[in-house]
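Enquirer: The structure follows.
Values quoted throughout were computed directly from the atomic coordinates according to the rules given, and no laboratory measurement underlies them. Quick caveat, the model's predicted, so the values are computed rather than measured. All Cβ positions, even for glycine, are placed from backbone atoms using ideal geometry, and neighbour counts span all protein chains on display.
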Ligand SMILES: [Zn+2]
């Protein structure tokens, strides 16, 4: 196994070696639930999903944590505009986010901690930072991080703190590189916060955005973690600040071994923005009738470190590619040939697997990985048309396609994710059929219909489909 990733910290391709053999901890910056997530956000989540699925494919045990930012400047501002309680407001968009993840076939994280449920841990970290002299209290009672106290501040983003303005501070969560100054860890309550505050030993207030991720990653993973993912827009200040907070608190370095960032997404060659009319949430695209699997395919089929130009032509091409893969799987499943075992098929499969693995090992080179899959499909289609694929060959090819798809997540697998009850019923029906108890078999078939499952009998046994 020789997986390599491009590490933002070193700006180099590095061989991946987790802290504990065979186990990987991944932290991904999740959504700020102040609105529906847009396709640029989903590019980051699909990239993290591809990474996680590939590590699992390689045999690693993966623990994945993705936070939900449910208190920050934006959530407070928008909930007030809507005259809603912060929790009611953020719950609505958290639910929507989970629904969207499901539609895109993104494997859920093991934990989705919410910032509002991790306040005591944040307060504790900030208190230690105050004790250690990395943080100080401002005149209004807010607590700021003193970036000059942290030796390597600016390292991740490759900026030189000394070239920046001296002595300035920022209280808002988002700011630009030129403003790399002391940032707020704890924001003392003011009127604009309304009823959003916590009474703590730091005073009445709320956390800054950056401390949230330090607290949640350390609580749900460890003080030092293997991989941290996010969009490239988060490198500065967010991830730089996470490093400064976490390392100063724990005294351990590095906080994260591999920083993996995905590039921006543009729409039709332009920056996505509401004013240009090219701003899309996943919901917008699904409302237009697009297949979520095509959206997923489009988001993952460009290498994660390349800017992705999202176009509707590209989406149509992605839809065609997903259909081609699924048509191939369905036609192969229905193949029942009298051909004898063809020694050429295992060789074709072997080449495809080696090419796919080699490409994905190389910093998730998905373009080459997908090419290996399409070549395999082409070669097998030729052999099928010549009636040179036996039933055993067919099963081997299907097995490989499903292996690849454990990484890609675009094959329609409705019939493969049956619940235990349904599987038991299908087995019972087969027994009834074997003993020619047609009446019982029909009763069970109706029961299965009640579960929304249609059973069709094929020469290879029962095939289950959704009603
Ligand atoms: Zn974060």
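Enquirer: Send over the semi-axes of the chain's equivalent ellipsoid, whole angstrom and largest first, taken as the square roots of 5 times the C-alpha gyration tensor eigenvalues.
Expert: Values: eigenvalues 451, 130, 84 Å².
Three semi-axes, in Å: 47, 26, 21.
Enquirer: Please report the Cα spread of segment 17-136 along all three principal axes, rounded to whole Å, starting with the longest.
Expert: 47, 43, 20
Enquirer: Same structure again: Using a ≥ b ≥ c from the Cα gyration tensor of segment 308-378 (square roots of the eigenvalues), is it rounded, prolate or oblate, where a/c under 1.5 gives rounded and otherwise the larger of a/b and b/c decides, a/b for prolate?
Expert: Oblate, because a/c is 1.5 or more while a/b does not exceed b/c.
Enquirer: Can you give the angle from 0 to 90° between the axis of helix 391-408 and the longest principal axis of the chain, with both taken from C-alpha atoms, to the nearest 10?
Expert: Between helix and principal axis, roughly 10 degrees.
Enquirer: Right, something else. Starting from the Cα gyration tensor of segment 364-443, take the square roots of the eigenvalues, sort them a ≥ b ≥ c, and report rounded, prolate or oblate (rounded when a/c is under 1.5, otherwise prolate if a/b is larger than b/c, else oblate). Write down the numbers at each step before the final one.
Expert: Working: a/c = 4.38, a/b = 1.84, b/c = 2.38.
Oblate.
Enquirer: Could you list log10 I(q)/I(0) for segment 85-242 at q = 0.11, 0.16 Å⁻¹, which the Debye formula gives when each Cα is one point scatterer?
Expert: One equal scatterer on each Cα of segment 85-242 leads to -0.49, -1.03.
Enquirer: On to the next question. Grab the DSSP H runs of the chain that are 4 residues or longer, score each as -39,500 (n - 2.57), total them, divide by all residues and round the 222 nm result to the nearest 500 deg cm²/dmol.
Expert: Working: 14 runs with 203 residues, N = 467.
-14000 deg cm²/dmol, from helical runs alone.
Enquirer: Okay, moving on. Calculated FRET efficiency, residue 233 and residue 439, Cβ-Cβ r, R0 56 Å, to nearest 0.05?
Expert: With a Förster radius of 56 Å, E is 0.30.
Enquirer: Can you order the peptides 43-51, 129-137, 72-80 by their average number of other Cβ atoms within 10 Å per residue, highest first?
Expert: Per-residue mean Cβ counts within 10 Å order the peptides as 43-51, 72-80, 129-137.
Enquirer: A follow-up question, please. Just subtract the alpha-carbon distance of residue 358 and residue 334 from 0.36 nm times their residue separation and send over the number in nm, one decimal. If you can, show how the numbers build up before the last one.
Expert: Numbers: separation 24, 0.36 × 24 = 8.64 nm, distance 3.08 nm.
The span from residue 358 to residue 334 would gain 5.6 nm if fully extended.
Enquirer: Alpha carbons only, please: Rg and Dmax for segment 246-377, in angstrom.
Expert: My reading of the Cα-based Rg and Dmax gives 20.2, 68 Å.
Enquirer: Then there is this: For the residue pair residue 273 and residue 151, what label-to-label distance in nm results when each label sits 7 Å from Cα along the Cα-to-beta-carbon direction?
Expert: Modelled inter-label distance: 4.2 nm.
Enquirer: Then there's this: Figure the gain on full extension for residue 378 and residue 350 (residue separation times 0.36 nm, minus the Cα-Cα span) and round it to one decimal in nm.
Expert: Numbers: separation 28, 0.36 × 28 = 10.08 nm, distance 1.47 nm.
Gain on extension, residue 378 to residue 350, equals 8.6 nm.
Enquirer: Same structure again: If packing is taken as the mean number of other Cβ atoms within 10 Å per residue, what is the order of 90-101, 279-290, highest first?
Expert: 90-101, 279-290
Enquirer: Please provide three numbers in whole Å: the alpha-carbon extents of segment 226-296 along the principal axes, with the largest listed first.
Expert: Each principal axis gives a Cα extent; for segment 226-296 these are 51, 27, 18 Å.
Enquirer: Sketch the reach of a paramagnetic label on residue 4 as a point 7 Å from Cα along Cα-to-Cβ, and name the residues of segment 292-336 whose backbone nitrogen lies under 18 Å away.
Expert: So the set is 303-306.
Enquirer: Also, I was wondering about something else. Among 196-209, 254-267, what's the highest-first ranking by average C-beta atoms within 10 angstrom per residue?
Expert: 254-267, 196-209
Enquirer: Working from Cα positions, state the angle (0 to 90°, nearest 10) between the long axis of helix 438-450 and the longest principal axis of the chain.
Expert: With rounding to tens, the tilt is 20 degrees.
Enquirer: Classify segment 319-467: rounded, prolate or oblate, from the alpha-carbon gyration tensor (a ≥ b ≥ c, eigenvalue square roots; a/c under 1.5 rounded; otherwise prolate if a/b is larger than b/c)?
Expert: prolate
Enquirer: Sorted from largest to smallest, which semi-axis lengths in Å does the alpha carbon gyration tensor of segment 161-253 give for its equivalent ellipsoid, taking the root of 5 times each eigenvalue?
Expert: 22, 19, 13
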